[in-house]
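All remarks here apply to the structure that follows.
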Ligand SMILES: [Zn+2]
């Protein structure tokens, strides 16, 4: 994706109050980002650990989606290895978290959310490029790096479509 200014990022969110977007904290590593290698931007607010954010490359204007981290569910978060639904990386206990995205507009006002299990550090673009590794041995897949990047993008698009769709 192209490099975004913090202003562009703050104004890209569809599902969080303007005040929250204004006050969100960016990760301290953001100035060092290699934007070309990012399929999306994802981070947990360093000062509000139950809030996380995704900014997707959606053509001209970025699409920002605020996420919530529900209170940790012992059963799912602490005792099982899990796989990220974006990048398909398997992680040991705690390496995948459940996030939920309040839907935009009326559906969100009714309390509709889209839930998903993702790498807890939201660093999927790094995992598919081999720039960060899970300590777990991964299932052997006959996929090239390019194919893994492609699959990540397809999964992210699919999520964006269900996030934006109403009434489901
Ligand atoms: Zn991932």
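The values are calculated or read from the model by the stated rules, or taken from the named source; none is laboratory data. From a predicted model like this one, the values you see are computed outputs, not experimental measurements. Don't worry about glycine lacking a Cβ; one is built from the backbone with ideal geometry, like all the others, and counts go over all protein chains shown.
At-a-glance table
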{"read-out": "Enumeration of residues in the range 119-136 that are in contact (Cβ under 8 Å) with a residue 40 or more places away in the chain and away from the ligand (no atom under 12 Å from the Cβ)", "value": "131, 135, 136"}
{"read-out": "Boolean, residue 58 is away from the ligand (no atom under 16 Å from the Cβ) and under 16 Å from residue 159 (Cβ atoms)", "value": "yes"}
{"read-out": "Failed condition for residue 49, given (1) away from the ligand (no atom under 14 Å from the Cβ); (2) part of a strand (DSSP E or B); (3) over 14 Å from residue 163 (Cβ atoms)", "value": "(2)"}
{"read-out": "Search result, residues across the range 16-46 that are over 17 Å from residue 98 (Cα atoms) and part of a strand (DSSP E or B)", "value": "40, 41"}
{"read-out": "Single residue of the range 64-82 satisfying the filter (modelled with pLDDT of 95 or more and crowded, with 18+ Cβ neighbours inside 10 Å) that is nearest to the ligand (Cβ to nearest atom)", "value": "67"}
